[in-house]
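Derivation of every value follows stated rules applied to the coordinates shown; laboratory data play no part. As the structure is a computational prediction, the values presented were derived from the model and not from experiment. Ideal geometry is used to build each Cβ from the backbone, glycine not excepted, and the neighbour counts take in all protein chains shown.
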Amino acid sequence: MPHGVLSDFVETTASRLGLPGVAVGVWSDGAESYACHGVTSIDNPLPVDQHTLFAVGSVTKTFTATALLRLVAEGRIALDAPVRRYVPDLELASEASAATITVLQLLNHTAGLRWRMNVDTGEGDDALAREVAQLCDSKLVAPPGIRASYSQAGYNLAGRIVEIVTGRTYERAVAALLLEPLGMTESFFARDNIMTRRFAVGHSLGDDGVLSVARPWRHWRSDNPGGGLASSLADQMRWARFHLSDGRAHGGEQILPAESLRRMAEKTVALRGSTLGDAIGICWFLRDVAGVRTIGHEGSANGQFASVLMVPARSFAVVALSNAGPDSGIAFNQTIVRWALEHYLGVIDRDPEPLPYDDARAREVVGTYENEMMTVTIGVDRAELTVECEIRPEIRAAAKAALPPNLPPAGLGLLPGNADDYIITSGGLKGQRGFFSRDANGAVVGVDLAGRLFNRVLTSSE
């Protein structure tokens with residue numbers, strides 16, 4: 001495909017969605033194409049190119065998992081071993097869970113750990129150890145191995161395993177195990193490394209509809225294993241090509257056995273009704289699109305969004321980075337990924353059509369659902385189910401800096417088949433899928449959104 005076609009579509013889409021800056025890369029037919037548009041910041045604008053650093057958020061998890069797989073290949077870690085073999089001081093609210101959680105369960109989100117800890121343990125080399133010490137007060141979503149529930153806390157614990165096994169800080173270990181041998185010279189964790197290079201800042205819309213720079217730029221250090229990497233488009237393309245390879249670096253060094261990379265892309269647990277995918281491998285989310293198997297991961301920082309998607313059977317990859325949202329950034333990345341699949345591979349990805357509104361079914365699911373960070377409210381407006389996602393007020397009140405704005409209510413429709421599956425039909429989360437869960441008596445007791453469980457909050461009327 002001519003490079004100009006990609007560039008034109010990227011520019012048109014970014015402009016339509018009002019994004020300050022974007023970077024897109026495609027690997028297809030043995031050739032790499034880049035298309036970048038816009039600026040790093042509306043306050044201090046510099047042109048975005050393939051070497052501009054973006055906060056890639058949870059795409060960092062793929063680095064944590066791959067680093068652990070390298071340690072597995074070296075015989076230093078066993079995936080089926082209990083985490084306590086490597087973190088002997090691990091304590092959880094459930095002693096039985098603390099004793100049995102395995103390394104693999106951290107990597108495929110089945111350890112039962114909550115979404116995130118939301119604690120700032122400082123910027124010292126003991127930041128991860130201090131967060132892990134606070135897990136003792138953390139309630140579990142479920143016993144280990146029962147269900148998948150996306151967990152930042154689980155990946156931070158995995159990062160602590162890397163530290164203990166290697167005897168290095170997490171950041172230094174990942175650099176030595178992956179970044180340096182792969183020649184990823186534009187990927188960093190430390191602010192001092194990032195601020196001396198061209199980097200994108202996030203943006204968000206205020207209540208007045210005006211775009212402004214989002215602050216803080218990143219979370220605290222203990223969140224690095226699950227979301228702390230800043231990286232360029234060029235490096236993310238290098239990362240995707242490595243995962244499509246036989247495990248060798250560009251210079252021929254064997255970083256991982258090809259079997260290890262293949263294993264990361266194989267199903268370890270099924271996912272139900274999730275936009276993330278049909279299953280989880282080792283970190284990577286797996287999804288069949290029109291009969292074609294894809295593997296990928298997405299990430300979000302404060303006003304920045306990253307998407308990495310690969311089709312191993314076709315040696316294809318697309319990476320999209322954007323610096324505003326959530327409405328515009330999520331929509332841009334999804335649009336770009338779908339366009340690339342269609343125009344390079346002829347693979348068309350469409351959202352399923354929801355069922356017509358049913359008042360009896362709506363009454364079953366209407367209510368308030370919460371986890372440790374957010375509240376999801378399901379309501380009805382003019383014969384349509386609606387969903388509203390808000391950061392809990394006490395979390396906002398305790399925050400030391402501004403948090404992303406809440407999203408306005410959006411439409412939600414139940415899907416055919418198992419009618420407890422749903423899709424969001426409008427707004428910034430349009431296309432997100434999830435499901436409602438029930439107890440043994442058939443009552444709706446939870447909702448999954450973006451792979452995260454929200455438990456229903458019962459009111460006196462219920």
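Full extension of the segment from residue 210 to residue 196, taken as 0.36 nm per residue of separation minus the current Cα-Cα distance, would add 2.2 nm.
Name the helices (complete DSSP H segments) of the chain with a Cα length along the long axis of 24 Å or more and a Kyte-Doolittle mean of at least -1.0, or state none. Sorted by number, the helices that extend far enough and score high enough are 327-345. Spacing of the modelled spin labels on residue 368 and residue 245, each 7 Å from Cα toward Cβ, amounts to 5.2 nm.
Quote the FRET efficiency, to the nearest 0.05, computed for residue 120 versus residue 313 with a Förster distance R0 of 41 Å and r equal to the Cβ-Cβ distance.
0.40
What do you get for GluC sites (Glu not before Pro) in the stretch 226-287 restricted to DSSP loop and a cutoff of at most 13 other Cβ within 10 Å of the site's Cβ? It would help to have the intermediate numbers written out before the result.
Details: sites: 253, 259, 266; in loops: 253, 266.
In loop regions of the stretch 226-287 (DSSP not H, G, I, E or B), the sparsely surrounded GluC sites (Glu not before Pro) are 253, 266.
Could you tell me which GluC sites (Glu not before Pro) in the stretch 117-165 are loop residues by DSSP with no more than 13 other beta carbons within 10 angstrom of their beta carbon? Display every interim value, and only then the final one.
Working: sites: 123, 131, 163; in loops: 123.
Within the stretch 117-165, the qualifying GluC sites (Glu not before Pro) (loop, at most 13 other Cβ atoms within 10 Å) are 123.
Only loop residues by DSSP count here, and only those with at most 16 other Cβ atoms within 10 Å; note down the trypsin sites (Lys or Arg not before Pro) in the stretch 348-436 that meet that.
350, 382, 400, 430
For the chain, a/c is less than 1.5, where a ≥ b ≥ c are the root eigenvalues of the C-alpha gyration tensor. That puts it in the rounded class.
Relative contact order (percent) for the chain, with alpha-carbon contacts under 8 angstrom and 6 or more residues of separation? Numbers along the way, then the final one.
Details: 1018 pairs, mean separation 76.8, N = 462.
Worked out over the chain, it gives 17 percent.
Think of it as helices only: each DSSP H run of n ≥ 4 in the chain is worth -39500 (n - 2.57), and spread over all residues that comes to -7500 deg cm²/dmol at 222 nm.
Ordering 357, 155, 344 by the number of other Cβ atoms within 10 Å of each residue's own Cβ, fewest first, gives 357, 344, 155.
What's the exposure ranking of 448, 8, going from fewest to most Cβ atoms within 10 Å? The partial results should precede the final answer.
Numbers: 448 27, 8 12.
Going from least to most buried by this count: 8, 448.
Extension gain for the segment residue 146 to residue 99, taken as residue separation times 0.36 nm less the Cα-Cα distance, is 15.4 nm to one decimal. Each of 219, 343, 203 was scored by other Cβ atoms within 10 Å of its Cβ. Arranged with the fewest first, they read 343, 219, 203.
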